[in-house]
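Trainee: Pasting a structure below so you can have a look.
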Amino acid sequence: MADISSNGKGLRIAIVISRFNEAIGEHLLAATGKALIEHGVLEKNIPVIRVPGALEIPLALKTLAVTKRFDALIALGSIVRGETYHFEIVANESAAGITAVQLDTGVPIANGILTTENDAQAFARVEQKGLDCAMAAIEMARLLAEIRSGEM
């Protein structure tokens, strides 16, 4: 069997992105979109949904997942540590919510929410994180389709 784990042809992959820390998020979105397109996902098959913050991402993901219209989903955003415990709450709860959605729905989700100490760290990671998310979404969509079809 040919290695199709990086072939996005024919896939529909939605992106949910937080508007909080928007400058970082927009760079992350650009890197992710570029990687998806370079690996064969058509731009028209990559809808982008914007939500206020990271805590709203899981609900938007679940709403998309239950439509059964998408092969995979991607969560994008940036949580930069502040001076309070709020950072840990947002980081932990958004990650737990994302995991719960994919386990509850069976739709794979690549978690591209950056958690960093400062903006410079976030900007330094956007290109690689975008690529990683695109590749994880494509690979998991292909893998689950293979498992479900009985080809595995």
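Trainee: Taking a probe of 1.4 Å, how large is the accessible area per residue of the stretch 73-142, in Å²?
Mentor: Per-residue value: 47 Å².
Trainee: Rounded to the nearest 20 Debye, what is the dipole magnitude of the chain about its Cα centre when Lys and Arg each give +1 and Asp and Glu each give -1 at the C-beta?
Mentor: Roughly 520 debye, rounded to the nearest 20.
Trainee: Compute, for the stretch 56-118, the length of the dipole vector about the Cα centre, with Cβ point charges of +1 (Lys, Arg) and -1 (Asp, Glu) only. Units Debye, rounded to 20. Intermediate results must be reported in sequence, preceding the final value.
Mentor: Details: 4 positive and 7 negative charges, 66 e Å.
Dipole size: approximately 320 debye.
Trainee: Also: Filter the GluC sites (Glu not before Pro) in the stretch 110-152 to those in DSSP coil with at most 15 other Cβ atoms within 10 Å of their Cβ, and list the result.
Mentor: Qualifying residues, ordered by number: Glu117, Glu151.
Trainee: Just the number, please: carbon plus sulfur as a percent of the accessible area of the stretch 1-130, 1.4 Å probe, no ligands or DNA/RNA counted. Could the numbers behind the result be given before it?
Mentor: Working: 3650 of 6680 Å².
Result for the stretch 1-130: 55 percent of the exposed heavy-atom area is carbon or sulfur.
Trainee: Figure the gain on full extension for Thr99 and Gln128 (residue separation times 0.36 nm, minus the Cα-Cα span) and round it to one decimal in nm. Walk me through the numbers before you get to the answer.
Mentor: On the way: separation 29, 0.36 × 29 = 10.44 nm, distance 2.12 nm.
Net length gain for the segment: 8.3 nm.
Trainee: Between Glu151 and Ile89, how high is the FRET efficiency from 1/(1 + (r/R0)^6) when r is the Cβ-Cβ distance and R₀ = 35 Å? Nearest 0.05. All intermediate terms of the calculation are to be shown ahead of the outcome.
Mentor: Values: r = 42 Å, r/R0 = 1.20.
Using R0 = 35 Å, I get an efficiency of 0.25.
Trainee: Roughly how many Å is it from the Cα centre of the stretch 39-61 to that of the stretch 132-152, as a whole number?
Mentor: 18
Trainee: Now for a separate question. Say R0 is 22 Å: what FRET efficiency, to the nearest 0.05, do Ala120 and Glu38 get from their beta-carbon distance? Could the numbers behind the result be given before it?
Mentor: On the way: r = 26 Å, r/R0 = 1.20.
E between Ala120 and Glu38, to the nearest 0.05, is 0.25.
Trainee: Lys/Arg Cβ at +1, Asp/Glu Cβ at -1, dipole of the chain taken about the Cα centre: which of Leu76, Asn118, Gly150 is farthest positive-ward?
Mentor: Selected residue: Gly150.
Trainee: How would you rank 40-52, 75-87, highest first, on the average number of other Cβ atoms within 10 Å across their residues?
Mentor: Result, highest mean first: 75-87, 40-52.
Trainee: Related question: Please give the contour-minus-distance gain from Leu144 to Arg81: 0.36 nm per residue of separation, less the Cα-Cα distance, rounded to one decimal in nm.
Mentor: Extra length available between Leu144 and Arg81 comes to 19.2 nm.
The values are calculated or read from the model by the stated rules, or taken from the named source; none is laboratory data. Please read these numbers as outputs of a predicted model, since none were measured by experiment. Note that each Cβ is placed from the backbone with ideal geometry, even for glycine, and that neighbours are counted across all protein chains shown. These accessible areas exclude ligands, DNA and RNA; they are computed on the full protein's heavy atoms, side chains included. Shrake-Rupley method; radii C 1.70, N 1.55, O 1.52, S 1.80 Å.
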